[in-house]
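Student: Below is the structure I would like to discuss, written out as structure tokens.
No value in this document is a laboratory result; all are computed from the given coordinates. Note that the coordinates shown come from a computational prediction; the quantities given were computed from them, not determined experimentally. As a convention, Cβ positions derive from the backbone with ideal geometry for all residues, glycine included, and neighbour counts pool all protein chains shown.
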Amino acid sequence: MATEAPGKVEQHTIYQIPLDQRHGTWRDLFTIWFGSNIMMLTIITGSLASAVFKLDFVSSCLSIIIGNLVGAIFMALHSAQGARLGVPQMVQTRGQFGTIGAVLVVAIVIVMYVGFLASNIVLAGQSLHTIAAGIDQRWLIVLIAVISVIATIFGHDLIHAYARVITWASGLALLVSFAWIVLVHGLPGNFMAMNHFNLAGFCSMVSVGALWQIAYAPYVSDYSRYMPHDTGAKDAFWASYWGCTLGSIFPMILGAMLGLVAANGDPVAGLTSFTGAVAVPVVIIFSIGIAGTNAMNLYCGVLSTITLVHTFAPGWKPGAAARTITAIAITLVGLAIALFAAGAFLTNYTNFILLLLYVLVPWTAINLVDFYLVRHGDYDVGAFFTAAGGIYGRFNKSAIFCYILGILIQLPFVSNDLYTGPVAKALDGVDLSWIVGLCVISPVYYVMARKSAASLVPAV
């Protein structure tokens, strides 16, 4: 069995990982999701509960916990797919949508990756600027982008190795932050009375927490595809589930705390001022941690972009050079967006992640129902890389229909700054769209897919 070589440039791109090159254990899945989530953007996301949705601390914590625990179920279910099939998530999506039908989903996911890349480097630059005010914030943003693209060029094993290191460093920084803010600096006497429970805000934060986890679904198997084939689905599920939930919940709770006590609800400035003497190392660790998470986003964005191009050029055999060039190109796009959007970050970011919810939910429902209930993990992987899509064809009308239906059926239940549906208005702004999308599309697709898949027997 192959062993990890973090210092070597990964040669694989979108093709199936050979069995003799599989390596790693369930612990690697835990650390990559735990370590990658303890960063500044997670803290920012948690601050939405108190700073944007105006929840008190207890309500903030409950909404964060519920959202993450529920959303991570879907994220972790995708994790087992990588070890089973050995291909990136967006390649596997061809098994549900067809080679051409998957293009829309892949394109949307690429936009998501670029959005998170831009969000992360903005936050990293702004955070570092609080402790290095003499350096132009734009150069700090560029620095984080450069670190991210270098890690992506080396690829899968280096990213995993980085995650193991950052798990300990960021975990310690998080613990120190909580201890310093609560025990050394101290919280205001009226801390628990700040803000109040409101149903719309509570449901919105549950949705944000759920989306935080669901947003990983399009690439979670990209980091489990190197796992040995005999890695149990149960081990992959629980390692990914607890790694991602524990790594997300605690930083988000820290963010909710800072959103209450920091001036103007600014968690970045609040973290710097409330951690006092340890602010510099804490901010540096959380900011550098962003570079690792960015490398993950960028790596998967690269694989998705290569998948998109490969759809229309099936004879193309992309290797390490193609991944490098694509990584640089995507980084430049994300960097341009980051430099443009830095001024109105929090509002833009809130709208961005809420919009993602509406387009990711139908896909995850279709993918999981197909994998676990319709085909039971049995796919003809070779067919994913043919122009005609083999037994899956160019288009899967059932999947495409359900995907579009899933987006449309959520619209009446949507509630955000850009649009509020009639049902959401009647519910005083409570957003139930993602729940409706999952509950409706899952059974509809199951019925339609069972009929069309009955005659399809994948090759052994």
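Student: Can you compute the helix-only [θ] at 222 nm over the chain? Use -39500 (n - 2.57) per DSSP H run of at least 4 residues, normalise by all residues, nearest 500 deg cm²/dmol.
Tutor: So the helix-based figure for the chain works out to -22000 deg cm²/dmol.
Student: How large is the direction-averaged shadow of the alpha-carbon convex hull of segment 110-237, in nm²?
Tutor: Mean projected area of the Cα convex hull: 12.1 nm².
Student: Also: Using the Cα centre of the chain as the reference point, and only Cβ charges (+1 on K/R, -1 on D/E), how large is the resulting charge dipole? Debye, rounded to the nearest 20.
Tutor: Dipole size: approximately 680 debye.
Student: In the chain, if the dipole is taken from +1 on Lys/Arg beta carbons and -1 on Asp/Glu beta carbons about the Cα centre, which of LEU175, SER127, ILE435 is farthest to the positive end?
Tutor: Selected residue: ILE435.
Student: For the Cα atoms of the chain, what angle does the longest principal axis make with the long axis of helix 320-341, in degrees from 0 to 90, nearest 10?
Tutor: 40 degrees
Student: As I understand it, the value is the acute angle between the Cα axis of helix 233-261 and the longest principal axis of the Cα atoms of the chain; what does it come to in degrees, rounded to 10?
Tutor: 30 degrees
Student: Going by average Cβ density within 10 Å per residue, which order do the peptides 95-101, 267-273, 412-418 take, highest to lowest?
Tutor: So the order, starting with the most tightly packed, is 95-101, 267-273, 412-418.
Student: Here are some pairs, LYS317/LYS397; LYS54/LYS425; LYS8/LYS234; which of them have Cα atoms lying more than 23 Å apart in this structure?
Tutor: LYS317/LYS397; LYS8/LYS234
Student: Oh, and also: What is the helix-to-structure angle for 433-453, meaning the angle in degrees between its Cα long axis and the longest Cα principal axis of the chain, kept from 0 to 90 and rounded to the nearest 10?
Tutor: Its long axis makes an angle of about 10 degrees.
Student: Oh, and also: Where Rh denotes the Kirkwood radius from the mean inverse Cα pair distance, what is Rg over Rh for segment 157-213?
Tutor: 1.15
Student: For the chain, build the charge dipole from Cβ charges (+1 Lys, Arg; -1 Asp, Glu) around the Cα centre, then report which of ALA161, VAL106, SER221 sits farthest towards its positive end.
Tutor: Going by the Cα projections, it comes out as VAL106.
Student: What's the FRET efficiency of LYS425 with ASP20 using the Cβ-Cβ distance as r and R₀ = 35 Å, to the nearest 0.05?
Tutor: 0.05
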